[in-house]
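Just below is one structure, and these are the notes that go with it.
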Amino acid sequence: MGEGINGDACLAAAPYDHWVLLGPAGGSPRPSARYKHAAQVVQDKLYVVGGSRNGRSLSDVQVFDFRTFTWSALNPTRDSNQLNLENNATGGSFPALAGHSLVKWKNDLVVVAGNTRSLSSSNKVSVWLIDVETNSWSAVDTYGKVPTARGGQSVSLLGSRLLMFGGEDNKRRLLNDLHILDLETMMWEEVKTEKGGPAPRYDHSAAVYADQYLLIFGGSSHSTCFSDLYLLDLQTLEWSQPDTQGAHIAPRSGHAGTMIDENWYIVGGGDNASGSTDTIVMNASKFVWSVVTSVSSRDPLACEGLTLCSTTVDGEKFLIAFGGYNGKYSNEIFVLKLKARNLVQPRLLQSPAAAAAAASVTAAYAVITATDEKTRDIVATDDFDIKKAQPASSSKKFVAEIDLVNGEKDKLESRLAEVRDENSKLKDKLDLANLSYGELAKELESVQNQLAAEGSRCQKLESQIAAARKRLESAGSLENELEVLRQQISQVEQTMASTQRQKSGGVWKWVAGSAEVSDDEL
């Protein structure tokens, strides 16, 4: 955490992006330690309203003056017009509150919702006004569809309207409804959004960006903490979950946040196991998270139920954190002097050529826009002031400057046209490549099918060859058997012939016998 700053030192001495303890001057007494309070900065003063300590809600309003570095109690009195009201549960004292929200509007601090079960039997959200100039407070009658009483909700200011989201009602039911209070008419309206929004939760944070979007981050249910980010387009009433970049953000609940320009700073909170030690910031135009600084796990800022505000001192912007609970209640003020943050570069396209072309187009468009604005300013000045007060030479000089700017504009427009033409050519090449790829893919598929068919044919031929080989092997054995049979037949024939000759004496014997018979007969 580093050394603190007391009332005798200047805030300008604080280091950038580093939390320091801000001690009161001259031993000025601090208010009671607390958490689940609400706070706002009005004219160099930090106003702290209510809170909780040891299970008891507080009703005081404490003020820290950044010019004198001293604490004081406001002790507002109730508006005299309300002192005789019948339903006057708190008399002239400001009600004891915890888990409420606080916003600055005109000359008043507007206090909304909070755990007020002991104050009203209507079970509806209550609204109070604290006038810091007259040091008085009043309960406000609201109309329309008044929301159910709750605590741990988020309340954001957009013009003269309060946007209240979520929270936990008196029966411990978690909510994710959205209500709007018009501070001019004090009329409540329940807003029906498209599906896909955040799950019911409490102790989350919310912020309005660019007067069009409501951001919801973190919070918890009864069993888990969240680290999700939701975006509500207040014109279309459609929810979305933008893709974020940068640092990994752990789930947290009971944290505090404040929007400065396009940067949403968040500090504190926890995940039911330990306190969050990182002070984080999200660039709302790029959805990029980064860590500003970190503290130790036992630091008073690693807590839940603290508040976070911002103020400007001598041209420097400061975050102001107060209170909280991390096993011990806190009543300390910590300040962090913010270093000017550079704009985060947009995401690169996948194609380097397309990325370079897009960068050129973006740069050219930005210069052309700035040139157009500069030209309009010069022309307006020329029409309004120069014709009245400037001599002719100055007028000619401005006309020359306009001509020069217009010449630069023409060059940039020409460059922009060239880049667009290059993009068109790249697109044509990409389309041709895609077409060629499609044809090659078809040809490859055809060849693969042919190979598969030839492979099947080869398998059939191999099976036929194997069968033929088996038949040839069997034919060889048959030829051997036939040869054996032939030999056997030849032997049998020879045997039969020999036997016949032995029986008849042979042919010549027969012929000779016949001749002898003939001679006798003669």
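The values are calculated or read from the model by the stated rules, or taken from the named source; none is laboratory data. Only a predicted model underlies this, so the values are computations on that prediction, with no experimental measurement involved. So basically every Cβ, Gly included, is an ideal-geometry build from the backbone, and we count neighbours across all protein chains shown. We work out accessible area using only protein heavy atoms, side chains counted, and drop any ligands, DNA or RNA first. Shrake-Rupley method; radii C 1.70, N 1.55, O 1.52, S 1.80 Å.
To the nearest 10 Å², what's LYS411's accessible area with a 1.4 Å probe?
Accessible area, nearest 10 Å²: 150 Å².
Whenever you get a sec, line up HIS204, HIS222 from highest to lowest accessible area (probe 1.4 Å, protein heavy atoms).
Descending accessible area places them as HIS222, HIS204.
Considering only ILE465, GLN487, GLN448, whose Cα is most displaced toward the positive end of the charge dipole of the range 438-487, charges sitting on Cβ of Lys, Arg (+1) and Asp, Glu (-1)?
GLN487
Taking the Cα centre of the range 252-319 as origin and charging only Cβ (+1 Lys, Arg; -1 Asp, Glu), how large is the dipole, in debye to the nearest 20?
140
If you roll a 1.4 Å probe over the heavy atoms of the protein chains, what accessible area per residue do you get for the range 184-315, in Å²?
Per-residue accessible area for the range 184-315 comes out at 43 Å².
Over the range 438-487, how many percent of alpha carbon pairs lie in each 5 Å bin up to the one with the longest distance?
Bins of 5 Å from zero give 5, 18, 11, 11, 10, 8, 9, 6, 6, 6, 4, 3, 2, 1, 0 percent of pairs.
What is the distance in Å between the Cα centroid of the range 259-315 and that of the range 422-454?
Result: 53 Å between the Cα centres.
If we sort 51-60, 421-430 on the protection proxy, mean other Cβ atoms within 10 Å, highest first, what's the order?
Per-residue Cβ counts within 10 Å, averaged per peptide and sorted highest first, yield 51-60, 421-430.
Got a number for the accessible area of THR193? Probe 1.4 Å, square angstrom, nearest 10.
50
Just flag the trypsin sites (Lys or Arg not before Pro) in the range 267-328 sitting in loop per DSSP whose Cβ has no more than 13 other Cβ atoms within 10 Å.
ARG298, LYS328
Once you charge only the Cβ atoms, +1 for Lys and Arg and -1 for Asp and Glu, what is the size of the charge dipole of the range 438-487 about its Cα centre, to the nearest 20 debye?
180
Quick one: order GLU184, GLU168 from most to least accessible surface, probe 1.4 Å.
The ranking, largest first, comes out as GLU184, GLU168.
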